[in-house]
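Participant: There's a structure below that I have some questions on.
The values are calculated or read from the model by the stated rules, or taken from the named source; none is laboratory data. Just so it is clear, the model here is predicted, and its values are computed rather than measured. In this analysis, Cβ positions are derived from the backbone assuming ideal geometry, glycine residues included, and neighbour counts consider all displayed protein chains.
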Amino acid sequence: MKLIDFGVREDEKKYIQEWSRDNNIEVKIVSDLLTPETVKLAQGYDGIVAYQQLPYDEKIFDVMNEYGIHVISLRNVGVDNVPLAALKRNNIRLTNVPSYSPEAIAEYSVAGLMALLRNFKHMFRKVDNHDFRWAPDIGRELNELTVGVAGTGRIGRAAIKIYQGFGAKVIAFNKFHNPDIEKQDLYVDSLDTLLKNSDVVTLHIPSLGKGHTVINRDSISEMKDNAIIVNSARGDLINTKDLYEAVANGKLYGAVMDVYENEVGIFNTDLSDQEFKDDLLKKVIQSPRFILTPHIAFYTTKAVKNMATISLDSMVSELQTGTSENEINLDK
Ligand code: COI
């Protein structure tokens with residue numbers, strides 16, 4: 001068996017090399033993203049592993065079919081940038097890594113929230129300039145707040161545990177109820193009820209598709225005054241302009257944004273020597289009431305190792321047995 005891994009960052013290499021040695025399976029490491037051009041490197045290989053934020057071009061899958069490669073394993077969880085119809089048409093199976101470290105994302109949520117509640121961004125800026133005064137950066141305490149967890153999959157459930165540990169009152173919403181959360185009686189009947197009753201809303205749901213936002217002018221108007229949004233899920237869940245305005249005009253207290261609707265081409269890129277054209281993002285960066293990070297909630301040693309190795313394990317299972325526990329149902 002010969003595998004090829006695309007879009008590999010430096011920090012992922014050692015895990016892939018280790019896996020390759022331990023499993024005695026050749027894995028060619030390619031730093032280029034998977035495109036209709038680079039897919040040509042896969043000729044002669046049995047399976048393709050990849051990760052990228054840019055959309056996967058449909059033509060990639062026609063070429064895979066031509067080369068007789070019928071499995072692609074992603075090193076991440078989200079499949080929103082994959083043209084599923086093109087995979088189906090070419091009889092290509094897809095796997096993801098649904099659980100590389102739910103705790104990484106859940107811990108980020110609370111870390112980002114704490115940074116906002118204790119005004120770290122403004123405080124750090126002041127201290128950098130040797131201004132050591134307290135005011136006006138008085139903090140708020142998490143143990144006094146109601147945290148609404150939207151989505152109770154693995155990440156949402158890990159977040160619930162952590163927030164409860166901090167003494168917050170936690171409520172939750174999910175279309176399908178998890179028995180553990182049900183037992184604790186945390187569920188409210190709708191996302192609207194969650195939004196209306198939370199001081200903090202932390203999003204742990206997948207993208208709902210372009211134009212389908214959860215946080216927008218209408219939903220914000222229903223929220224509590226001074227509420228906070230934490231988004232480490234998908235940027236397109238939020239209308240960022242509406243969110244920015246709600247914070248600027250004092251309706252909301254602030255937000256933690258690890259994802260942004262227009263992040264592709266910006267996040268995980270060094271733009272320090274370029275003119276920065278995104279005016280909305282510039283305002284978000286300037287505001288002390290926004291904690292902005294470039295999609296790093298997942299970025300821990302544990303998660304990166306799991307992403308590298310679980311994707312390869314799934315590929316082996318697919319090639320040896322025709323399926324794997326992480327195969328995505330393309331008919332859904
Ligand atoms: C995902 O796993 O889909 C993520 O959002 C993390 C990604 C940036 C590797």
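Participant: Which pairs have Cβ atoms under 8 Å, sit 6 or more apart or on different chains, and link a residue in segment 66-86 that is free of Cβ contacts under 8 Å to residues at least 24 places away in the same chain to one that is within 15 Å of the ligand (Cβ to nearest atom)?
Facilitator: Final answer for the pair search is Val77/Asn96; Val77/Val97; Val77/Pro98; Val77/Ser99; Val77/Tyr100.
Participant: Kindly indicate whether any position in segment 314-330 is within 16 Å of the ligand (Cβ to nearest atom), closer than 28 Å to Ile229 by Cβ and outside any helix (DSSP H, G or I). First the steps, then the outcome.
Facilitator: Of all residues in segment 314-330, those within 16 Å of the ligand (Cβ to nearest atom) come to 314, 326, 328.
Next cut, closer than 28 Å to Ile229 by Cβ only: none.
No: zero hits.
Participant: From the set of residues in segment 211-234 that are hydroxyl-bearing (Ser, Thr, Tyr) and free of Cβ contacts under 8 Å to residues at least 40 places away in the same chain, which is nearest to the ligand (Cβ to nearest atom)? Spell out the reasoning first.
Facilitator: Residues of segment 211-234 hydroxyl-bearing (Ser, Thr, Tyr): 213, 219, 221, 232.
With the extra rule that they be free of Cβ contacts under 8 Å to residues at least 40 places away in the same chain, the set shrinks to 213, 219, 221.
Numbers: Thr213: 18, Ser219: 23, Ser221: 29 Å.
Looking at residues that are hydroxyl-bearing (Ser, Thr, Tyr) and free of Cβ contacts under 8 Å to residues at least 40 places away in the same chain, I get Thr213.
Participant: Return yes or no: is Ile266 without any contact (Cβ under 8 Å) to a residue 60 or more places away in the chain and within 14 Å of the ligand (Cβ to nearest atom)? Give the steps one after another, and end with the answer.
Facilitator: Working: without any contact (Cβ under 8 Å) to a residue 60 or more places away in the chain: yes; within 14 Å of the ligand (Cβ to nearest atom): yes.
Considered against the rule, which asks whether it is without any contact (Cβ under 8 Å) to a residue 60 or more places away in the chain and within 14 Å of the ligand (Cβ to nearest atom), Ile266 comes out as yes.
Participant: Under the condition of being among the aromatic types (Phe, Trp, Tyr) and in contact (Cβ under 8 Å) with a residue 12 or more places away in the chain, which residue from segment 164-210 is farthest from Pro102 (Cα to Cα)?
Facilitator: Of segment 164-210, the ones among the aromatic types (Phe, Trp, Tyr) are 166, 173, 176, 187.
Applying the additional criterion that residues be in contact (Cβ under 8 Å) with a residue 12 or more places away in the chain yields 166, 173, 187.
Working: Phe166: 18, Phe173: 18, Tyr187: 20 Å.
Filtering first and then ranking leaves Tyr187.
Participant: Identify all residues within segment 84-108 that are within 11 Å of Leu330 (Cα to Cα) and away from the ligand (no atom under 16 Å from the Cβ); write none if there are none.
Facilitator: Our first condition is that a residue be within 11 Å of Leu330 (Cα to Cα); within segment 84-108, this holds for 84-89, 91-95.
If the condition is that a residue be within 11 Å of Leu330 (Cα to Cα) and away from the ligand (no atom under 16 Å from the Cβ), then Ala85, Ala86, Leu87, Lys88, Arg89, Asn91, Ile92, Arg93 are the ones that fit.
Participant: Within segment 288-298, does at least one residue satisfy the condition of being out of contact with any His (no Cβ under 6 Å at 6 or more places or on another chain), within 30 Å of Lys88 (Cα to Cα) and at pLDDT 95 or above? Walk me through it before giving the result.
Facilitator: The first filter runs over segment 288-298 and keeps only residues out of contact with any His (no Cβ under 6 Å at 6 or more places or on another chain), leaving 289-298.
If we keep only those that are within 30 Å of Lys88 (Cα to Cα) too, we end up with 295, 298.
From the residues that got through so far, the ones that are at pLDDT 95 or above too are 295, 298.
Checked segment 288-298: at least one residue is out of contact with any His (no Cβ under 6 Å at 6 or more places or on another chain), within 30 Å of Lys88 (Cα to Cα) and at pLDDT 95 or above.
Participant: Check Leu252, Leu237 and return the single one that is out of contact with any Lys or Arg (no Cβ under 7 Å at 6 or more places or on another chain), within 16 Å of the ligand (Cβ to nearest atom) and either farther than 30 Å from Glu18 by Cα or in contact (Cβ under 8 Å) with a residue 12 or more places away in the chain (or both).
Facilitator: Numbers: Leu252 fails: within 16 Å of the ligand (Cβ to nearest atom).
Just a single option satisfies the conditions, and that option is Leu237.
Participant: Would a scan of segment 62-82 turn up a residue that is more than 16 Å from the ligand (Cβ to nearest atom) and basic (Lys, Arg)? Steps first, please.
Facilitator: Pass one, segment 62-82, residues more than 16 Å from the ligand (Cβ to nearest atom): 62-71.
Next, only the ones that are basic (Lys, Arg) stay: none.
No, segment 62-82 contains no residue that is more than 16 Å from the ligand (Cβ to nearest atom) and basic (Lys, Arg).
The rows are residues; the columns are (1) crowded, with 17+ Cβ neighbours inside 10 Å; (2) in contact with a strand residue (DSSP E or B) (Cβ under 8 Å, 6 or more places away or on another chain).
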{"site": "Gln286", "(1), (2)": "no, no"}
{"site": "Ile291", "(1), (2)": "yes, yes"}
{"site": "Ala297", "(1), (2)": "yes, no"}
{"site": "Ala303", "(1), (2)": "yes, no"}
{"site": "Thr309", "(1), (2)": "yes, no"}
{"site": "Leu312", "(1), (2)": "yes, yes"}
{"site": "Ser317", "(1), (2)": "yes, no"}
